[in-house]
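Quick notes on the structure that follows.
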Amino acid sequence: RQSLAPILYRKYSGYLNIMKDYQQLDASVAHSAEMLEQALPAVLQPFQDMAKSAKGEGAIPHQSRLLIALGIAISTHCDPCIARHARKLAECGASRQEIAEVAGICISMSGGLSLTYANSALEAFDYFSLRITTGQGAGNE
């Protein structure tokens, strides 16, 4: 398996930005859920059912719901949430422009504080999109 590090380094090396480990951040969501499910099954199961219903199909299409979730993740500065939703959006075929526009809305609503996290959303989406297009899969399925 080819490492993505050189490709991602070339892409972001001009920004003096050290990329976050989006694969690990995404995995931390599942790990946290598993730990809490063991400790608090009566709390976590209803929460997971609610989250699944909220992100399912309805008047708002699934991909649009994921874009909303990404915007909330950016606004609440939740790196694991950004990674999780960026991966799911990459898997369902969202465009980089859609991610950028969601990021722009977040920046316009909450100012500079969301700027770094908006960039994280683009980086995470690029990371997972590259994994998918190079046949490595998004991981953490």
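Evaluate E = 1/(1 + (r/R0)^6) for Ile132 and Ile72, where r is the Cβ-Cβ distance and R0 equals 30 Å; express this FRET efficiency to the nearest 0.05.
E(calc), rounded to 0.05, equals 0.80.
Helix hunt in the chain: which complete DSSP H runs extend at least 15 Å axially by C-alpha with mean Kyte-Doolittle at least -1.0?
Result, helices passing both filters: 22-39, 41-54, 62-75, 79-91, 96-110, 115-133.
Only loop residues by DSSP count here, and only those with at most 10 other Cβ atoms within 10 Å; note down the GluC sites (Glu not before Pro) in the range 51-107 that meet that.
Sites meeting the loop and neighbour criteria: Glu57.
Do you know the relative contact order of the chain, to the nearest whole percent, from alpha carbon pairs under 8 angstrom that are 6+ apart?
Normalised by residue count, the contact order of the chain is 26 percent.
If you stretched the chain out fully between Ser95 and Asn119, how much longer would it get, using 0.36 nm times the residue separation minus the C-alpha to C-alpha distance?
Stretched fully, the Ser95-Asn119 segment lengthens by 7.1 nm.
Which value, in Å² and to the nearest 10, is the accessible area of Val43 when all protein chains are kept and the probe is 1.4 Å?
90 Å²
As a test of the formula, what do you get for the chain when each DSSP H run with n ≥ 4 contributes -39,500 (n - 2.57) and the sum is divided by the residue count, at 222 nm and rounded to the nearest 500 deg cm²/dmol?
Estimated from H runs of four or more residues: -23500 deg cm²/dmol.
Show log10 I(q)/I(0) for the chain at q = 0.13, 0.14 Å⁻¹, two decimals, from a solvent-free Debye sum over equal Cα scatterers.
So the normalised log intensities are -0.59, -0.68.
Within the chain, how many Lys pairs sit with Cα atoms under 21 Å apart, leaving out pairs fewer than 8 places apart on the same chain?
4
Can you list the cysteines of the chain that have no other Cys Cβ under 4.7 Å away?
Within the chain, the cysteines lacking a partner Cβ under 4.7 Å are Cys92, Cys106.
The values are calculated or read from the model by the stated rules, or taken from the named source; none is laboratory data. Note that the structure is a prediction, hence the values are computed from the model and not measured. Cβ coordinates were reconstructed from backbone atoms using ideal geometry, including for glycine residues, and neighbour counts include every protein chain displayed. Ligands, DNA and RNA are stripped out before the accessible areas are found, and what is left, the full protein with its side chains, is counted by its heavy atoms. Shrake-Rupley method; radii C 1.70, N 1.55, O 1.52, S 1.80 Å.
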